[in-house]
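A.B. asks: First the structure, then my questions, so here it is.
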Amino acid sequence: MTYTAPLADMRFALREVAGLQQVASLPGYEHATDDTVDAVLEEAAKLAGNGLAPLNRDGDKVGARLENGVVRTAPGFAGIYKEFVDGGWNSLPFDPEFGGQGMPWLLAATVQEMWQAANMGFGLVLLLNQGAIDAIHHHGSTEQKARYLPKMIAGEWTGTMNLTEPQAGSDLAQLKCKAVKEGDHYRITGQKIFITYGEHDMAENIVHLVLARTPEAPAGVRGISLFIVPKFLPEADGRPGKRNDLRCVSLEHKLGIHASPTCVMSFGDDGGAIGTLVGEEGRGLSYMFTMMNNARLSVGIQGLAIAERAYQQASAFAKTRVQSKDDGSARPEPVSIIHHADIRRMLMTMRAQIEAMRALGYYTAAGIDGALKHPDREQARRTQDRVDLLIPIVKAWFTDLGNEIASIGVQVHGGMGFIEETGAAQHLRDARILPIYEGTNGIQARDLVGRKIAKDGGEAMLELVAEMRALAEEMAAPPGDDLAAIRSALSASADALEDATKWVAQSVKGELVAALAGSVPFLRLAGTALGGWLLARSALAAQARLAARDGDPAFLEAKLVTARFYAEVVLPPALAQLGPLKAAGRTVFALTEAQL
């Protein structure tokens, strides 16, 4: 089963929900015209469907392998990466000063959905490079930017992030990797694990961003600094020169994403790898968070992408798999399983949640553009505050749903879903890492409650609640109408999210542990409610276009029906999270360690 980018759905979400026209009106984005955006999407869809997707299965079966210190990527990966670079795809959202095309992050996120859906094992090299570019662009010196950004933006060199060590997973305060100053550079020694594309054969150089401690650094996160440690030290003319003292010592054997080499990296086995300091000593973690926030949005898009891939395969299978008679017909002949009620329920659940994710993901990406480019800096700051609030929701809610939807995809296939040859199982295996990396989803929930809600007493979330209520006021419709049902659910969502936010804001001040015990249900409620808000917006737009006879009626009617299904079937169980989030603190720690 291959992949076809859902261009009509993407365009609708871009224009009717995320506000592409408003983004294109921002200073510096004038070239993001409708014609240009459509051309980019069309060409990206071809590369994703015809180039990346056919390599996904072999990438999973063959995987990456380590041979004499060199990582060989799966068959076809090096060739398609060259095609990707030659086509200029890597440079899409980056600064023109360093060779980028300066297109909106909204467009980059849309195209990224295609890459990740077509071939997530391949797409990870793009995700890590994007984050490394962002970190150097924000915090690197003038010399570092000139040396590294043009090559990385072009895709000739790729980037990584080196955080995790065997004893330090999420708790970066335990990092032991060392950096000793030597003239104008540092000697880096230590080991890092779980380094995605830490070594590969697709680019001529790999630029590692490494967290390490200087000898006099204090304990804890304030003692961590960030260093650029390239695989090959660049010559004066920019070409890769001498091999640096670093190597991949092994590849992790993983549940999924087999095509993506996850490396154990050793730095300084022969005296110390040469690295240059980014910014100031002791501020490495704050610099790396620039990269991690970028990556967290991208990982959320991965959750959306794998869900879309699983849905497409499940829908196609349901239309061709013949089993049992139609319960709604007297005819005894067996029919394709898409005629059966439970299959329809599963497919509608997949479809509705994917559309909600796409709406919220694109909306958040548009917020990044607004924060970067809006001429009113106070408005830009408020937009950035909203993006900061949404990032943990996008990362955690999307990736949880990516797992759930991939699992539903296996269920639609029945026994054939459990057999590797259909490919449904690969989507589930690949999806499983998403709630874990770039900060586990529990950490995202902790960030949402302990930082974002605590920071302003829930004010930013309550502003969203006010916008939900304002939209409900616009949705006047007769009883029984689709919009009436959607409006009712939207109002209930606003009430539940307001109640939850106020409870969390109050609890986090006095009973932090109780608030954290309910943080995952809170994030789930928030994500589902906000997704429903944006589906309501899309339903209102679809209704208006139907009335104006503007567009394909069948497509627009499907938007209304899907939004109503979400409102009546998906939202109610999520809003019931209000009880668990308030109650969890009473019993989460009630048992002793020995009783667990």
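A.B. asks: Where the Cα atoms of the chain are projected onto their three principal axes, how long is each span, largest first, in whole Å?
C.D. replies: If we take the Cα atoms of the chain, the spans are 79, 60, 56 Å.
A.B. asks: Okay, moving on. Measuring from label point to label point, each 7 Å out along Cα→Cβ, what is the Ser407 to Val70 span in nm?
C.D. replies: About 4.3 nm, to one decimal.
A.B. asks: Taking other Cβ within 10 Å of each residue's Cβ, how do Arg331, Arg247 sort, fewest first?
C.D. replies: On the way: Arg331 9, Arg247 19.
Sorted ascending by nearby Cβ count, the order is Arg331, Arg247.
A.B. asks: Ranked highest first by the average count of other Cβ atoms within 10 Å around their residues, in what order do 435-444, 250-259 fall? The partial results should precede the final answer.
C.D. replies: Values: 435-444: 20.3, 250-259: 17.6.
By packing density, highest mean first, the sequence is 435-444, 250-259.
A.B. asks: Mind checking which aspartates and glutamates have their C-alpha under 15 Å from Lys502, skipping anything on the same chain fewer than 8 residues away?
C.D. replies: Filter leaves Asp456, Glu459, Glu463, Glu511.
A.B. asks: What is the ratio of the Cα radius of gyration of the range 328-368 to 2.2 N^0.38 Å, with N the residue count, to two decimals? List each step's numbers first, then the result.
C.D. replies: Values: Rg = 17.0 Å, N = 41, 2.2 N^0.38 = 9.0 Å.
Dividing the Cα Rg of the range 328-368 by 2.2 N^0.38 Å gives 1.88.
A.B. asks: Hey, what did the range 142-276 get for relative contact order, percent, Cα under 8 Å, at least 6 apart? Show your work: numbers first, answer last.
C.D. replies: Values: 286 pairs, mean separation 36.9, N = 135.
After rounding, I find 27 percent.
A.B. asks: Calculated FRET efficiency, Ser141 and Arg222, Cβ-Cβ r, R0 25 Å, to nearest 0.05? Each step should come with its number before you reach the end.
C.D. replies: Details: r = 22 Å, r/R0 = 0.86.
It comes out at approximately 0.70.
A.B. asks: Helix 284-320: angle to the longest alpha-carbon principal axis of the chain, degrees 0 to 90, nearest 10?
C.D. replies: In the chain, helix 284-320 runs at an angle near 40 degrees to the longest axis.
A.B. asks: Still on this model: When a/c is below 1.5 the answer is rounded, else prolate if a/b is larger than b/c, else oblate, so apply that to the range 529-596 with a ≥ b ≥ c taken from the square roots of the Cα gyration tensor eigenvalues. Could the numbers behind the result be given before it?
C.D. replies: Values: a/c = 5.58, a/b = 4.47, b/c = 1.25.
Here the range 529-596 falls in the prolate category.
A.B. asks: What percent does the relative contact order of the chain come to when contacts are Cα pairs within less than 8 Å and at least six residues apart?
C.D. replies: Reported relative contact order: 13 percent.
A.B. asks: Where a ≥ b ≥ c are the square roots of the eigenvalues of the C-alpha gyration tensor, would you call the range 455-589 rounded, which needs a/c under 1.5, or, failing that, prolate if a/b is larger than b/c, or oblate? Don't skip to the end; give the middle numbers.
C.D. replies: On the way: a/c = 3.15, a/b = 2.37, b/c = 1.33.
Prolate, since a/c reaches 1.5 and a/b exceeds b/c.
A.B. asks: So what does the Cα-only Debye profile of the range 153-207 read at q = 0.24, 0.26 Å⁻¹, as log10 I(q)/I(0), no solvent term?
C.D. replies: Each listed q corresponds, in turn, to -0.99, -1.02.
A.B. asks: Another question, if that's okay. Name the lysines eligible as straight-distance cross-link partners of Lys319: C-alpha to C-alpha under 30 Å, and not fewer than 8 places from it in the same chain.
C.D. replies: Candidates past the 8-residue exclusion: Lys46, Lys61, Lys559.
A.B. asks: Moving on to the next point. Multiply the residue separation of Arg549 and Arg331 by 0.36 nm, subtract the distance between their alpha-carbon atoms, and state the gained length in nm to one decimal. If you can, show how the numbers build up before the last one.
C.D. replies: On the way: separation 218, 0.36 × 218 = 78.48 nm, distance 3.81 nm.
Length gained, Arg549 through Arg331: 74.7 nm.
A.B. asks: Still on this structure, I have one more. For the Cα atoms of the chain, what angle does the longest principal axis make with the long axis of helix 377-413, in degrees from 0 to 90, nearest 10?
C.D. replies: Value to nearest ten degrees: 70.
A.B. asks: Among 137-146, 517-526, 1-10, what's the highest-first ranking by average C-beta atoms within 10 angstrom per residue? All intermediate terms of the calculation are to be shown ahead of the outcome.
C.D. replies: On the way: 137-146: 15.7, 517-526: 24.9, 1-10: 18.3.
Descending mean neighbour count gives 517-526, 1-10, 137-146.
A.B. asks: Hey, another quick one. Of the peptides 423-433, 332-342, how do they stack up when ordered by the mean number of other Cβ atoms within 10 Å, highest first? Show your work: numbers first, answer last.
C.D. replies: Working: 423-433: 24.1, 332-342: 14.0.
The most tightly packed comes first, giving 423-433, 332-342.
A.B. asks: I need to check one value: relative contact order of the range 455-589, counting alpha carbon pairs closer than 8 Å and at least 6 residues apart, in percent.
C.D. replies: It rounds to 33 percent for the range 455-589.
A.B. asks: Sort by residue number and report every cysteine in the chain with no other cysteine beta carbon within a distance under 4.7 Å.
C.D. replies: Lacking a cysteine Cβ partner under 4.7 Å: Cys177.
A.B. asks: Here is a further query. Taking Lys373 as the anchor, which lysines have their alpha carbon closer than 24 Å to its alpha carbon, excluding any fewer than eight residues away along the same chain?
C.D. replies: Within the straight-line cut-off, Lys373 pairs with Lys145, Lys395, Lys452.
Each value in this text was obtained by applying a stated rule to the coordinates, not by laboratory testing. This one's a predicted model, so the numbers in the text were calculated from it and none came from an experiment. Note: ideal-geometry Cβ built from the backbone for every residue, glycine included; neighbour counts use all protein chains shown.
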